[in-house]
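The values are calculated or read from the model by the stated rules, or taken from the named source; none is laboratory data. Small disclaimer: the values here were computed from a predicted structure and weren't measured. Methodologically, a virtual Cβ is constructed for each residue, glycine included, from the backbone with ideal geometry; neighbour enumeration extends over all protein chains shown.
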Amino acid sequence: MSTFDNQPRLADETVALRPLVAEDLDGLHAAASDPATWAGHPARDRWRRGVFEPYFAFLLASGGTLAIIDRASGAIIGCSRYYVPPDHPEGIAIGFTFLAPAYWGGATNFAVKRLMLWHAFESFPEVWFHIAPGNRRSQIATGRLGAVHAYDAELDLGGGPAPTMCFRLDRAAWEKTVQGRAA
């Protein structure tokens, strides 16, 4: 992973991704402050400022976290992160993604993942996603990218060991997904 830039600046016509910085705390918390955002997540109370702040500090200290910016408004609408998968230390994973509810159900998540995946596939043959078993919304969204559920594991992704569903996406499956969406 020495040549992989895990905090690139990426953009399309709708979103821009840039490295998360300390000054993003208020904007990212505003995007995270709806309890619905965390309903399917193990940390269901992360919308509370006192619970969110240690999570923000973790994202900042861990590196690889990108703030997601709505290009039309300039507002931070969420974040996502590149990280080394604990079960595939030679690989790359994308996760810790959330969007403000106003951006659910549309093209925003796909736009974010499209930018991040093309960047990752420049250096890696596959990308991993780790999702909590109860987080159906993320499981469905990841499946729509073309990723397949490979196995379940007990992994520590920064908050202690927890049951995790491991999804794998290779470049060929991703290209097929992109072609299908263009048709």
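For the residues 125, 86, 133, the requirement of being surrounded by fewer than 17 Cβ atoms within 10 Å (Cβ to Cβ) and in contact with a Ser or Thr (Cβ under 9 Å, 6 or more places away or on another chain) singles out 133.
Screening 68, 94 for residues that are under 20 Å from residue 166 (Cβ atoms), surrounded by 15 or more Cβ atoms within 10 Å (Cβ to Cβ) and among the aliphatic types (A, V, I, L, M) leaves exactly one candidate, 94.
Listed here are the residues, each with its yes/no results for (1) surrounded by 12 or more Cβ atoms within 10 Å (Cβ to Cβ); (2) within 16 Å of residue 85 (Cβ to Cβ).
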| residue | (1), (2) |
| --- | --- |
| 143 | yes, no |
| 147 | yes, yes |
| 151 | no, yes |
| 155 | yes, yes |
| 161 | no, yes |
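Residue-wise test of (1) under 27 Å from residue 120 (Cα atoms); (2) at pLDDT below 95.
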| residue | (1), (2) |
| --- | --- |
| 25 | yes, no |
| 31 | yes, no |
| 49 | no, yes |
| 53 | no, no |
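So in region 2-58, with the set limited to residues that are β-branched (Val, Ile, Thr) and loosely packed, with under 14 Cβ neighbours inside 10 Å, which one is farthest from residue 115 (Cα to Cα)? Working first, answer last.
Residues of region 2-58 that are β-branched (Val, Ile, Thr), as a first pass: 3, 14-15, 21, 37, 51.
Add one more test, that the residue is loosely packed, with under 14 Cβ neighbours inside 10 Å, and what stays is 3, 21.
Working: 3: 18, 21: 20 Å.
Checking each candidate, the answer is 21.
Please enumerate the residues belonging to region 143-180 that are more than 16 Å from the chain's Cα centre (by Cα) and charged (D, E, K, R). Those that are more than 16 Å from the chain's Cα centre (by Cα) and charged (D, E, K, R): 152, 154, 156, 170, 171, 175, 176.
Looking at region 1-59 only, could you name the residues that are of a type in the set (Ser, Thr, Tyr) and free of Cβ contacts under 8 Å to residues at least 24 places away in the same chain?
Listed by number, the residues that qualify are 2, 33, 55.
Taking residues in region 66-83 that are within 19 Å of residue 117 (Cα to Cα) and touching a residue at least 40 places away in the same chain (Cβ under 8 Å), and partners anywhere that are among the basic types (Lys, Arg) and surrounded by fewer than 22 Cβ atoms within 10 Å (Cβ to Cβ), the pairs with Cβ atoms closer than 6 Å and at least 6 places apart or on different chains are 67/18.
Can you find, within region 163-180, the residue that is modelled with the highest pLDDT among those that are loosely packed, with under 15 Cβ neighbours inside 10 Å and over 20 Å from residue 122 (Cβ atoms)? By that ranking, first place goes to 163. Suppose we keep only residues that are of a type outside the set (Lys, Arg) and within 13 Å of the chain's Cα centre (by Cα) within region 71-83. Which one would you say is surrounded by the most Cβ atoms within 10 Å (Cβ to Cβ)? Going through the qualifying residues, I end up with 82. Checked against (1) part of a strand (DSSP E or B); (2) aromatic (Phe, Trp, Tyr); (3) more than 24 Å from residue 126 (Cβ to Cβ), residue 96 passes all but a single condition, namely (3).
To keep it simple, each residue is scored yes or no on (1) of a type in the set (A, V, I, L, M); (2) in contact (Cβ under 8 Å) with a residue 24 or more places away in the chain; (3) farther than 21 Å from residue 65 by Cβ.
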{"residue": "130", "(1), (2), (3)": "no, yes, no"}
{"residue": "133", "(1), (2), (3)": "no, yes, yes"}
{"residue": "136", "(1), (2), (3)": "no, yes, yes"}
{"residue": "146", "(1), (2), (3)": "no, yes, yes"}
{"residue": "152", "(1), (2), (3)": "no, no, yes"}
{"residue": "155", "(1), (2), (3)": "yes, yes, no"}
{"residue": "166", "(1), (2), (3)": "no, yes, no"}
{"residue": "171", "(1), (2), (3)": "no, yes, yes"}
{"residue": "175", "(1), (2), (3)": "no, no, yes"}
